[in-house]
Amino acid sequence: MLTVTYEALDSKISYMADNDIGYRIKQARLAFRPRKLTQQQLADLVNVSRPAVTQWETGETKSLDGENLHRVAAALRVSIEWLLYGRGSGPADQPPVIYEPSNVLPGPPIRGMVPIISWVSAGRWREPDVALDEPLEWLPVTFKTPNVFGLRVDGDSMEPDFPPGTIIFVDPDRKAEAMNLVIALNGDDEATFKRLTKEGGVWYLTPLNPRYPLQKLDSLCKIIGVVIMASRWTV
């Protein structure tokens, strides 16, 4: 039986019986791709000590801060619901890594060209009367979607999956759903790249790097588009 009590993000979340959360933390850590994480690596991502991770996994620690619960879920790329109950997005839902083949083979046919635009232009994408800057460059792609545009990742809030310089492709016509990677405008002129999550009926823009805080969606937020592909990942 799982008992959960919480009042706010920084409240204590208590669990008991069979150490379900600890088991799932270890399961997701060992199933992490492209290679499993050590306890020390997970500790570094969540900004705790390695013994703290050991205590979570063995059940020696019987409570988990709400803040750490969010950080662990983000670091392991699973949903909080999966950590708590075993439902929702778990390790099997992680996007696969696309590896380069060992031999040079003919590539798929080019089906279009996608503009790589600035983050400021991305923030203005849904404003019909605002002139956008000229694309920074054009890249050939193997898919065909009329309004897709590209962005070059800037900053480390989406590491380790999307380090600075990664090119992501955004479909502004796709409806955003929970756990999608999205480009959003959250009250600023410049767009931001985050994962869209929903917890307790509240929507958040969630960084993959747990050292960055969650951003609660408000009435000023606009979802610009859904990330459909990146230079090394399909999502």
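The values are calculated or read from the model by the stated rules, or taken from the named source; none is laboratory data. Computed from a predicted structure; not experimentally measured. Please note: Cβ atoms are built from the backbone with ideal geometry, for glycine as well, and neighbour counts cover all protein chains shown.
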Checked against (1) free of Cβ contacts under 8 Å to residues at least 12 places away in the same chain; (2) part of a strand (DSSP E or B), Gly155 satisfies every condition except (2)
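Name the strands (runs of 3 or more DSSP E) wholly within the stretch 37-152 that hold at least 1 residues that are over 24 Å from Tyr212 (Cα atoms) and at pLDDT 80 or above?
The strands (runs of 3 or more DSSP E) meeting that bar are 112-116, 137-141, 149-152.
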Residue that is nearest to the chain's Cα centre (by Cα) [pool: residues in the stretch 29-64 that are buried (at least 16 other Cβ atoms within 10 Å of the Cβ) and acidic (Asp, Glu)]
Asp44
Given the options Leu151, Leu208, Leu196, Leu185, name the one that is buried (at least 19 other Cβ atoms within 10 Å of the Cβ) and in contact with an Asp or Glu (Cβ under 6 Å, 6 or more places away or on another chain).
Leu208
In the stretch 158-190, residues that are in contact with a Leu (Cβ under 8 Å, 6 or more places away or on another chain) and of a type in the set (Asp, Glu) total 3
Would you call Ile183 over 23 Å from Gln41 (Cα atoms) and out of contact with any helix residue (DSSP H, G or I) (no Cβ under 9 Å at 6 or more places or on another chain)?
no
Can you tell me which of (1) crowded, with 20+ Cβ neighbours inside 10 Å; (2) of a type outside the set (A, V, I, L, M); (3) at pLDDT below 90 is the one Ser219 doesn't meet?
(1)
